[in-house]
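The values are calculated or read from the model by the stated rules, or taken from the named source; none is laboratory data. All values reported here derive from a predicted model rather than from experimental measurement. Don't worry about glycine lacking a Cβ; one is built from the backbone with ideal geometry, like all the others, and counts go over all protein chains shown.
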Amino acid sequence: MTRQAMALSETQTADAMLRARAQRVVPGGMWGHLNAARLPEGYPQFFASAEGCRVRDVDGREYIDFMCSWGPVLLGHKHPEVQAAAEAQAALGDCLNGPGEVMVELAEDFVAMVPHADWAMFQKNGGDATTACVTIARAGTGRRKVLVAKGSYHGALPWCSPSVAGVTSEDRAHLLHFEYNDIASLQAAVAEAGKDLAAILVTGFRHDIARDLEMPTREFAAAARAVCDATDAALILDEVRTGLRLDVRGSWEALGVRPDLAAWSKAIANGYALAAITGNDKFREAATKVFVTGSFWCGAVAMAAARTTLRIARETDVPSHIRSMGLRLREGLTSLANQHGIAIRQSGPPQMPLMLFDADPEVKKGRAFCSAALRHGAFFHPVHNMFLSSAHQAADIDAALEAASHGFKAVRALS
Ligand code: PMP
């Protein structure tokens with residue numbers, strides 16, 4: 001095909017035509033991190049359907065999915081039991097004048113599953129939950145300062161957005177920063193907050209974009225807990241990305257550290273829109289006093305989906321399965337990289353992996369790898385942690401590794 005013919009055919013894809021239409025009626029064609037212009041060449045903007053660990057774009061191309069909708073899909077797309085639970089609830093009603101029985105049942109499920117939880121409340125997005133946790137912590141302590149790790153993502157609201165466009169310094173007036181896993185910097189921020197310390201807000205592990213992922217050290221987690229115990233501030237664990245993938249009881253359970261408040265979303269309803277806060281009795285009264293609500297927060301369909309998702313996650317030990325699939329992927333990538341003589345670094349928990357190339361400051365290698373792997377049917381991400389689901393089986397991982405081998409060839413061709 002001539003270059004011209006190829007250019008013509010690329011502008012005639014369903015994806016290209018939708019992008020052109022979107023440019024006219026959606027600012028920038030798409031907002032935020034989901035704008036495909038930010039992704040490697042060839043990545044589709046628009047998707048048509050998905051099932052299990054496979055996602056299809058609007059041009060009918062199918063990919064083995066390692067983004068899982070950026071986290072929400074834990075059990076695979078369109079999981080039959082979750083679908084059945086959601087459909088049964090939809091037949092009764094979703095958005096009613098108030099919550100259904102399912103809200104109380106789901107709160108009971110969280111309280112039974114999560115050791116620190118004496119109560120639960122529900123919202124829609126992760127940012128709703130992190131924001132409400134901060135509000136509850138401030139209401140409970142009567143203080144203002146919130147400590148967050150530099151570079152951590154907690155949502156797209158003005159107080160925590162990674163962009164400064166449209167954000168005032170007042171929006172962030174009471175945030176202080178520390179380095180993840182650095183106890184001295186945490187203590188310096190605690191000292192700066194003084195008597196005004198309301199909370200430490202921290203993610204389950206360090207998953208900042210475009211840098212090696214880092215698990216929390218036991219000492220760091222214990223130090224954060226000790227500070228909050230000594231000052232009566234709230235330890236808030238942001239489980240929005242990690243929730244149900246590392247440990248269904250909570251990501252810091254294995255470290256022996258329990259938060260006062262935790263924010264959950266993404267995976268808890270296997271793709272249905274839901275967020276949750278779990279909290280202990282110390283913050284129950286504050287959670288009663290604050291005014292937090294939303295028109296769709298009582299949606300019963302997502303709650304029914306969540307009940308089934310939580311049950312399956314518990315009963316089938318989803319974290320173990322996705323960990324073993326993630327390890328298979330990691331080992332396969334290591335061996336392919338070695339075969340091709342390419343230096344890579346893999347980090348993070350295997351169930352939420354990241355692969356970066358050495359000496360790749362502009363992510364040229366990462367993008368070339370992903371574009372070639374995509375053409376061969378695997379949807380990876382060059383700089384954001386990826387996600388495994390329980391629908392991934394060994395054969396899917398092996399097929400994705402075959403696609404990855406084309407990615408490594410493309411990287412070799414760069415030099
Ligand atoms: N916290 C963390 C750790 C997240 O990863 C995200 C979403 N990527 C959020 C909060 C915000 O969640 P949402 O986009 O659903 O508001």
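Quick check on my filter: what residues within the range 106-139 are over 14 Å from I268 (Cβ atoms) and either touching a Lys or Arg at 6+ places or on another chain (Cβ under 7 Å) or in a loop (DSSP other than H, G, I, E, B) (or both)?
Answer for the range 106-139, where residues must be over 14 Å from I268 (Cβ atoms) and either touching a Lys or Arg at 6+ places or on another chain (Cβ under 7 Å) or in a loop (DSSP other than H, G, I, E, B) (or both): P115, H116, D118, W119, R138, A139.
In the range 203-211, is there at least one residue being closer than 16 Å to G348 by Cα, without any contact (Cβ under 8 Å) to a residue 60 or more places away in the chain, in contact with a His (Cβ under 9 Å, 6 or more places away or on another chain) and surrounded by 22 or more Cβ atoms within 10 Å (Cβ to Cβ)?
Yes, the conditions are met somewhere in the range 203-211.
Can you work out which of the residues in the range 227-255 that are within 15 Å of the ligand (Cβ to nearest atom) and without any contact (Cβ under 8 Å) to a residue 40 or more places away in the chain is surrounded by the fewest Cβ atoms within 10 Å (Cβ to Cβ)?
Just the residues of the range 227-255 that are within 15 Å of the ligand (Cβ to nearest atom), to begin with: 236-246, 250-252.
Next cut, without any contact (Cβ under 8 Å) to a residue 40 or more places away in the chain only: 237, 239, 243.
Numbers: L237: 28, E239: 30, G243: 30.
So the residue we want is L237.
Is it true that R218 is more than 16 Å from the ligand (Cβ to nearest atom) and of a type in the set (K, R)?
yes
Can you tell me how many residues within the range 256-278 are at positive phi and away from the ligand (no atom under 11 Å from the Cβ)?
Residues flagged as at positive phi and away from the ligand (no atom under 11 Å from the Cβ) within the range 256-278 amount to 3.
Would you mind finding the one in L374, L329, L388, L310 that is touching a residue at least 60 places away in the same chain (Cβ under 8 Å), surrounded by 22 or more Cβ atoms within 10 Å (Cβ to Cβ) and assigned by TED's automatic domain parsing to the domain that holds A267?
Of L374, L329, L388, L310, the one residue that is touching a residue at least 60 places away in the same chain (Cβ under 8 Å), surrounded by 22 or more Cβ atoms within 10 Å (Cβ to Cβ) and assigned by TED's automatic domain parsing to the domain that holds A267 is L310.
Among the residues of the range 191-210, write down those that are part of a strand (DSSP E or B) and aliphatic (A, V, I, L, M). Don't jump to the end; show me each part of the working.
First pass over the range 191-210, keeping only residues part of a strand (DSSP E or B): 197-203, 206.
Across the range 191-210, the qualifying residues are L197, A198, A199, I200, L201, V202.
Of all helices (runs of 4 or more DSSP H) completely enclosed by the range 1-96, which ones contain at least 2 residues that are at pLDDT below 95?
Here the list reads 3-11.
Of all residues in the range 110-130, count the ones that are within 9 Å of the ligand (Cβ to nearest atom) and surrounded by fewer than 20 Cβ atoms within 10 Å (Cβ to Cβ).
Going through the range 110-130 one residue at a time, the tally reaches 2.
When you check Y43 against the structure, is it surrounded by fewer than 21 Cβ atoms within 10 Å (Cβ to Cβ), assigned by TED's automatic domain parsing to the domain that holds Q351 and in contact with a helix residue (DSSP H, G or I) (Cβ under 8 Å, 6 or more places away or on another chain), yes or no?
yes
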